[in-house]
Amino acid sequence: MFIVFEGPEGAGKTTQIKALAKRLEQKGILPVITREPGGTPASDAIRTVILDPNLEISPLTEFLLYSASRAQHVTEVIKPALNQGKTVVSDRFYGASVAYQGYGRGLELDFIYNLTKRVTQGIQPDLVLLLDIDPEKGLERVAARGQKDRLELADLSFHKKVREGFLRQAEGHSSWKCFDATQSAEQLAKIIWETVLPYLE
Ligand code: TMP
């Protein structure tokens, strides 16, 4: 079972991943919790480069860096865990590249999907939980947290395109489930659990 959380900035993924992990553990399932970009030492090093607000990075380079981070993550963490029958919960996967580098930065979607097939070795999430939030609201939440990274600093029109990219993917794929991320964290955790439970059974 491979579960992915996605969403625009400030959607509250971290809180929801913790809540889901806790519920899974109570059911006797010890999930592998991981994230992108990151999840391995090399991928975390790439993350530092990608998110550095002092660096100028072109859309193509940005996508290749996310892909490099993902390739290592799939090889080192996701694939071995799934092969061992473990449940993997990842904070983002390639849907984020489609939304951010495709819809947001304007790279061709065909190109993104083609390279991604190689990078992910064909691994697809069973369930993608999209926490949807208006970017204006999401970025307000991010600003309240403190310093912004390179992506969070991008302008509002970029973040609106990213949200659109997520919503389009959710419309087009039955494995995607969309949730209103402005409701209370407790309520959201409850409906996410109700969505995940049938997949476990
Ligand atoms: P995070 O804030 O969810 O940890 O993700 C880091 C940032 O990287 C966030 O702004 C989303 C962005 N991102 C992409 O642009 N493309 C990707 O493929 C991934 C995984 C993340």
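The values are calculated or read from the model by the stated rules, or taken from the named source; none is laboratory data. Owing to the predicted nature of the structure, the values given are computational and were not obtained by experimental measurement. Positions of Cβ are backbone-derived with ideal geometry, glycine not excepted, and every protein chain shown enters the neighbour counts. Ligands, DNA and RNA are excluded from the accessible area calculation, which covers all protein heavy atoms including side chains. Shrake-Rupley method; radii C 1.70, N 1.55, O 1.52, S 1.80 Å.
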#### Entry: Which listed residue, of K27, K22, K18, is touching a residue at least 24 places away in the same chain (Cβ under 8 Å) and surrounded by fewer than 21 Cβ atoms within 10 Å (Cβ to Cβ)
K27
### Query
Across the stretch 151-175, which residue is nearest to the ligand (Cβ to nearest atom) among those that are hydrophobic (A, V, I, L, M, F, W, C) and open to solvent by less than 80 Å² (accessible area, probe 1.4 Å)?
L151
## Note on the structure
Of P59, P31, P41, P80, the only residue that is within 13 Å of the ligand (Cβ to nearest atom) and either over 21 Å from R150 (Cβ atoms) or at pLDDT 95 or above (or both) is P59
### Task
Considering every residue within the stretch 151-161, establish whether at least one is outside any helix (DSSP H, G or I) and under 16 Å from the mean Cα position of the chain (by Cα).
yes
### Query
Of all residues in the stretch 44-53, which are of a type in the set (A, V, I, L, M, F, W, C) and within 16 Å of L151 (Cβ to Cβ)?
I46, V49, I50, L51
